[in-house]
Amino acid sequence: DIYYQGSLDAGTALPVDMKVTYYLDGQEIAPDQLAGKSGHVRIHYDFTNNSKTVQNVNGENVTVYTPFVMMAGAVFANDTFSNVTVSNGRLLDDGERTVAVGFALPGMQESLGISDNFLDLPESIDLEADVNDFSLTTSVVIGSVLGSDDEAGNNDLSDLSSAADELEDAMDQLID
């Protein structure tokens, strides 16, 4: 199910597109074909930021994306999944389940004009694990604008850390 909170004109695309691709042992697999399979699974979340404007910065027109943070998380049962990893995120293990939460900042690398050799801001998230009899009951993707319009220009990475902590707290509640 997809839930969107906001306002859009009829025919307008969502501010961020998401594509989820599943792999088993390095080969792409349809999600409905993955149930019950065993091997190394990778779930790749790729985000495209559609919310952008062209701004004049120091006499040059540049594309500026709305600063979205996208977070994807899943709960993996430890009796089925092992060696769980997440790109750009955190793992939380309570002994019975491992919660993996990752984040992406689609469009921010381009907006900031930062070389990925200097700082690589992720636009995708990978959750990986070894699995025996694949079954995934809980996965969540959340997107939010960093800060509000009133706070424009006052954002820093502590906002992202705070959002990750809030999501981790919510996942703890979900596990409980």
Contacts under 9 angstrom Cβ, first residue in region 108-123 being within 13 Å of VAL64 (Cβ to Cβ), partner of a type in the set (Asp, Glu) and assigned to a loop (DSSP other than H, G, I, E, B), 6 or more apart: MET108/GLU123; GLN109/ASP116; GLN109/ASP120; GLN109/GLU123
Residues located in region 106-136, provided they are assigned to a loop (DSSP other than H, G, I, E, B) and open to solvent by 50 Å² or more (accessible area, probe 1.4 Å): GLY113, SER115, ASP116, ASN117, PHE118, LEU119, ASP120, GLU123, ASN132, ASP133, SER135
Unique residue being touching a residue at least 24 places away in the same chain (Cβ under 8 Å) and of a type in the set (Asp, Glu) when the list is ASP46, ASP9: ASP46
Selection within region 26-67 - farther than 28 Å from MET108 by Cα and open to solvent by less than 50 Å² (accessible area, probe 1.4 Å): ILE29, ALA30, LEU34, GLY36, GLY39, VAL41
Top-ranked residue in region 43-77 [being aromatic (Phe, Trp, Tyr) and more than 11 Å from the chain's Cα centre (by Cα); ranked as modelled with the highest pLDDT]: PHE76
Those strands (runs of 3 or more DSSP E) lying entirely in region 1-82 with at least 3 residues closer than 16 Å to VAL141 by Cα: 16-24, 39-49, 68-77
Matching residues, region 68-105, being open to solvent by less than 40 Å² (accessible area, probe 1.4 Å) and either of a type in the set (Lys, Arg) or farther than 25 Å from SER135 by Cβ (or both): PHE68, VAL69, ALA104, LEU105
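The values are calculated or read from the model by the stated rules, or taken from the named source; none is laboratory data. Just so it is clear, the structure is predicted and the values come from calculations on it, not from any experiment. Note that each Cβ is placed from the backbone with ideal geometry, even for glycine, and that neighbours are counted across all protein chains shown. These area figures cover heavy atoms from the full protein model, side chains too; ligands, DNA and RNA do not enter into them. Shrake-Rupley method; radii C 1.70, N 1.55, O 1.52, S 1.80 Å.
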